[in-house]
Amino acid sequence: MFKRAVEEGLDPLAYCDRMEQEFRRTWARLHVSFDDFIRTTEPRHKAGVTELTKRIYDAGDIYEGVYEGWYCVSCEEFKQERDLVHGHCPLHPAIKPEWIREKNYFFRLSKYQRSLLDHFAAHPEFLRPEIRRNEILRLIEGGLVDISVSRAGQSWGIPLPFDPSSVVYVWFDALINYASAVGLGGDPGMNAMFERWWPADLHVIGKDITRFHAVIWPAMLMSAKLPLPRQVFGHGFMTLNGQRMSKTLGTIVDPIDAADRLGLDPLRLYLVKEVSFGGDGDFSWERYDERYNVDLANNLGNLVSRVTAMAGRYCQGRLSATAAGSDRLARLADEVAADYRRAMDALALHEGAAAAYRLIDATNEFIASTAPWTLAKDPGSKSRLEQVLFDGAEAIRLAAVLLQPIMPSSCREILRRVGASANDLRLDRDGRWRTDGERVLVQEGPLWPRYTPKESTTVSDNPLPPAPGTSAPASDRISIDDFMKVELRVAKVLAAERVPKSNRLLKLQVDVGTEERTLVAGIAEAYEPETLIGKTVVVVFNLKPAKLMGVESNGMVLAASPDGGKPTVVTFEAPPPPGTRVR
RNA sequence: GCCGGAGUAGCUCAGUUGGUUGAGAGCACGCGUCUCAUAAGCGCGGGGUCGGCGGUUCGAGUCCGCCCUCCGGCACCA
């Protein structure tokens, strides 16, 4: 973060300000509402971090140790062994990293292995879905190591209360947000708030950060003698056509684009209804269009149209209960509302949406079987007719109440059209079948016109070439001299074999013109060794040797490696002789 | 390679602790039908050796073993 800010020529705080604005804009655009928004730069957060860190320290769970590793002076940060390129920082190949031992504070995570396992056993619902729980359980069972929680000599961060020369390390700091947001460590007023709100009922997080939330965070709280959140829920990711989204492949869907195409609420419904929450969900434009037409245009939208139209035509838009209502519809409605509530409480949002749709479907059937248009022809059936339409309108009202959290603005509009209030909706009060009252319905144009993609303008799901204008800013470009430092040469593959115990690495014997070399390439997933023999490829000739899985590699084969895809080795139409320089 | 997950109709998926599921839903498709409605609605139908092989059992998508394929995580990706 700090580095990124510097790269963009911004003060870290200014950079954060900009990020915050972006987040807020996005949420506003997607109609995502929230009660609070906290950043780690806020005073209340600093207070919370100081308090919690102090408690953990007082519990004897933070001790001084030594952290050692490769340190790049230029980046001003430690580098993992595996991030180094031939022992050098990839960003600053000219400077030799130093092996530095730094005073560091560690959190006794290992001490909490037993307690964590006990907690998981006593509270099976603590971590969901089940898949995450199993993963984390095995991880804990496998043993925990103490973790570094501080960095020395950094300007950015919150100082340790017991040693202000060091700051709290990022994620240790960040997790405490949950507590600091509700007042931990604040003045008496804030503390009262903390007492009231903590522990949290639920943390909803992305599945990739489950470990922090389900292992480290609870251990921190245990150490500080604070209650744990009741549940951590690790949600899945969206894929595109079954593939992981990738920026470099261009296989990414911007929710704003999807919203612009058919409207925001259709997107929100898709995301909720088509994805079983907790698992990954797949998005495709075809399916999106299909669901839009079926769920919204044909079923819900059309239902609103037909009921409001008939009410207008046959009853001047005024309806009140006049006869015995539909028991079947009323019973189903209660059942649906109960299922909905159960599903939503369990975070099975897709089931909640499905429940609402059971009512919508049943209402379409109800209309077909009662045939108001037939009743309308018989003056004697007047009250029966009105009752049927009343029931239809009531079912729509109820469905809209249930779908309201998913499609807020659309449901508000539906409620308006069926003559119901959309203000201060409450599930326990408004989410039940009503048999009385008068409704004034209004008929207006389609809520969701059917969408027919034009052949020629079908949005492609194929990888798009990177848009022009996305190239790196001039300041990030290198000079020709820089490039010339890299010596690329044509090489012919003489022999190839798998590196034992590795499923990505191939060991290649190549002819680089002046000599033969052994090098290792991470392309085994895409190429059988035999198929490479005789091929002419491009290698980086002047790369320092490196050892991979015990094999020394003298050079590197050029290959295109898309995110989430398999590498493709760079070859020639007409192979030049080995040793030819490539530039 | 290790760990985990998944393989059920053309597509997306449900199928609780094994037996009224000797297999279901939605979409797509075919046929029929109403006409209030956004060529929408409603009804009916075709279609699957439930990844493969073997086993346990009176009985297995549902349990066990082996295998195949796909996905995710970790290591490796010069």
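The values are calculated or read from the model by the stated rules, or taken from the named source; none is laboratory data. Given the structure is predicted, the values throughout are model-derived calculations rather than measurements. Cβ sites come from the backbone with ideal geometry, for glycine too, and all protein chains shown count toward neighbours. Please note that ligands, DNA and RNA were not included when accessible areas were found on the heavy atoms of the full protein model with its side chains. Shrake-Rupley method; radii C 1.70, N 1.55, O 1.52, S 1.80 Å.
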Cα centroid separation - segment A:95-128 against segment A:261-299, whole Å | 39
What full-extension length gain, to one decimal in nm, is calculated for A:Glu125 and A:Asp257 as 0.36 nm per residue of separation minus the Cα-Cα distance?
-> 43.9 nm
For segment A:504-550 and segment A:400-427, distance of Cα centres in Å | 63
Which FRET efficiency value, to the nearest 0.05, is calculated for A:Ile38 and A:Val6 with the Förster distance at 25 angstrom and r the Cβ-Cβ distance?
-> 0.55
In whole percent, the Cα-Cα distances of segment A:1-66 spread across 10 Å bins from 0 upward as 17, 29, 31, 19, 4
Quarter of the Cα convex hull surface for segment A:147-212, i.e. its orientation-mean projected area (nm²) | 5.8
Here the FRET efficiency for A:Leu427 versus A:Arg498, based on Cβ atoms and R0 = 60 Å and rounded to 0.05, is 0.50
Computed Rg/Rh for chain A (Cα atoms; Rh = Kirkwood radius) stands at 1.06
Accessible area per residue of segment A:1-67 at 1.4 Å probe, in Å²?
-> 63
Note the angle between two axes, namely the Cα long axis of helix A:188-197 and the longest principal axis of the Cα atoms of chain A, as a number of degrees from 0 to 90, rounded to the nearest 10.
-> 70
With a ≥ b ≥ c taken as the square roots of the eigenvalues of the C-alpha gyration tensor of segment A:201-308, please select rounded if a/c is under 1.5 and otherwise prolate if a/b is larger than b/c or oblate if it is not?
-> oblate
Segment A:Asn302-A:Lys103, extension gain: residue separation times 0.36 nm, minus the distance between their alpha carbons | 64.8 nm
Rg and Dmax of segment A:305-424, Cα atoms, in Å?
-> 14.7, 49
Determine the dipole magnitude for chain A: charges of +1 sit on the beta-carbon of Lys and Arg, -1 on that of Asp and Glu, nothing else is charged, the reference point is the Cα centre, and the result goes in debye to the nearest 20.
-> 440
Assign unit charges at the C-beta atoms only (+1 for Lys and Arg, -1 for Asp and Glu), then state the dipole size of segment A:189-236 relative to its Cα centre in Debye, rounded to the nearest 20.
-> 80
Taking the dipole about the Cα centre of chain A, with the C-beta of Lys and Arg at +1 and of Asp and Glu at -1, give me whichever of A:Ala395, A:Leu264, A:Ala355 is farthest to the positive side.
-> A:Ala395
Would you mind checking A:Lys111/A:Lys547; A:Lys111/A:Lys225; A:Lys207/A:Lys507; A:Lys96/A:Lys492 for any pair whose Cα atoms are more than 25 angstrom apart?
-> A:Lys111/A:Lys547; A:Lys207/A:Lys507; A:Lys96/A:Lys492
Lys and Arg at +1, Asp and Glu at -1: add these up for the other residues within a Cβ distance under 10 Å of A:Asp61 and post the number.
-> +1
1.4 Å probe accessible area per residue over segment A:305-418, in Å² | 41
Might you work out the accessible area of A:Phe212 for me, using a 1.4 Å probe with all protein chains in place, and round it to the nearest 10 Å²?
-> 70
Does anyone have the angle between helix A:349-370 and the longest principal axis of chain A? Alpha-carbon axes, 0 to 90°, nearest 10?
-> 30
Along the dipole axis of segment A:111-229 (charges at Cβ: +1 for Lys and Arg, -1 for Asp and Glu; origin at the Cα centre), the most positive-end residue among A:Ile136, A:Phe194, A:Pro159 is A:Ile136
Hand me the chymotrypsin sites (Phe, Trp or Tyr not before Pro) from segment A:135-195 located in a DSSP loop with no more than 15 other Cβ atoms within 10 Å, in residue order please.
-> A:Trp156, A:Phe162
Can you send over the carbon and sulfur percentage of the accessible area for chain A, probe radius 1.4 Å, protein chains only?
-> 52
Is segment A:248-343 best put as rounded, prolate or oblate by its Cα gyration tensor, with a ≥ b ≥ c the root eigenvalues, rounded for a/c under 1.5, and otherwise prolate when a/b is larger than b/c, oblate when not?
-> oblate
Based solely on its DSSP helices, what 222 nm [θ] is calculated for chain A when runs of n ≥ 4 H residues each add -39,500 (n - 2.57) and the sum is averaged over all residues, nearest 500 deg cm²/dmol?
-> -11000 deg cm²/dmol
Neighbour net charge for A:Ala309 - beta-carbon separation under 12 angstrom, K R +1, D E -1 | +2
Gain in span if fully extended, A:Gln443 to A:Arg318, counting 0.36 nm per residue against the direct Cα distance = 43.8 nm
Positive-pole candidate from A:Met407, A:Ile209, A:Val538, dipole of chain A, charges at beta carbon = A:Met407
The rounded separation in angstrom of the Cα centers of segment A:7-59 and segment A:132-168 is 19
Where does segment A:124-185 land on the Kirkwood hydrodynamic radius, alpha-carbon pairs, in angstrom?
-> 14.2
